[in-house]
1. If you count, for each residue, the other Cβ atoms within 10 Å and average over each peptide, how do 142-149, 192-199 line up from highest to lowest?
2. What are the principal axis extents of the Cα atoms in the range 40-309, in Å, biggest first?
3. Show me, for the range 276-288, the HN-Hα J-couplings you get by feeding each phi into the Karplus relation (A = 6.51, B = -1.76, C = 1.60, θ = phi - 60°), rounded to Hz, glycine and proline as x.
4. Give the order of TRP77, TRP40, TRP186 when sorted by the count of other beta carbons within 10 angstrom, beginning with the fewest.
5. Specify whether the C-alpha gyration tensor of the range 20-165 places it in the rounded, prolate or oblate class, a ≥ b ≥ c being the square roots of the eigenvalues: rounded for a/c under 1.5, otherwise prolate if a/b is larger than b/c and oblate if not.
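Just so it is clear, none of the values below were taken in a lab; they were calculated from the coordinates. Treat the numbers as computed from the prediction; the structure is a model and nothing was measured. Methodologically, a virtual Cβ is constructed for each residue, glycine included, from the backbone with ideal geometry; neighbour enumeration extends over all protein chains shown.
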Amino acid sequence: MVATTTAAAAEAPSAAGPRRGILEHRAAGPVALGLTVLIWAGFALSARALGASTLLPADAALIRFGVPLLVLAPALWRRRRALASVRPGPALKIMCGAGVPFFLIVMHGGALTSAAFVGAIVPGMVPLFVSALMVASGRGLPRGAQSAGLALIVAGVVALVWRHTVALDQDVLLGAGALLVASGLWALYTVGLREVELDPVGSIGVLCLPSFAVVALLALTGVLPMGLGRAAAGDVLLFLVVQGLGVGLCAGLLYAFAIRRLGPERCAVVGSLSPVAVVLLAVPLLHESPTVSVLIGVPLITTGVVLANRRPRPRTTTEDTARA
């Protein structure tokens, strides 16, 4: 009896250990996504703030892609063979989806609209574009709650731009169109991350190495004007923290980690929280007052993203046996 009790007591901690490890493993992905939401909110706010700063888009892009390369240079050098072996298809999805095209387009769209538009449209439309990519690759059509969620996302975007459509506000409509394109590019990035066999650091290398080279080339040849040397120190510091360290380094690592843990479809749920965070933060930081269209459109998009990312509950063994 004593031996049995001792054995049971000895086994209890070992049983609790794996359970605790499983919980930590399951929580890692959602925690990474939660932190990414906060950083992406800062990205949306900085995209809007760029128009009022002394930095030019090329300056912000150099900071965005250059800082992660500088910080991760030793780690990227150790992964040089893995980076060179990445297939062209996924690499192009990553480079276009979150690289120079995405960055310049979203900055242009943010300058013409508002932080609420950036925070709602770019991440909010990702589930719709990801679903389209999944269907194009041979997956089935979304059904049930997922279809309803996608419809709500579209309704939310329509609510955002309806007032500006009636008033024929060309700048806002052009900016909203640019943000829709940026959202489609981000969906490519989301799927591309899933297709590469790299850790988060390697994924940042695939994104930042070619992106920094392209921006530097465009700036040196005069295609993109650059005024980093004349920019105010406060603006440089802000974009260094938010874009370079926040979006470029931390969000890149966290999002790539979450993609590998949770998959691209579930990671699109980030968009359900990001618009709300952006709208709330834009009031004190950018002095933006939410309009009626924002107050209607953002909740619709948020609800739509939540529904679009719902997954049917898996059948239990008991249910399968009963059906049989």
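1. Order by mean packing, descending: 192-199, 142-149.
2. 48, 46, 29
3. 5, 4, 5, 4, 5, 6, 5, 5, x, 8, 10, 6, 8
4. TRP77, TRP186, TRP40
5. Cα axes put the range 20-165 in the oblate bin.
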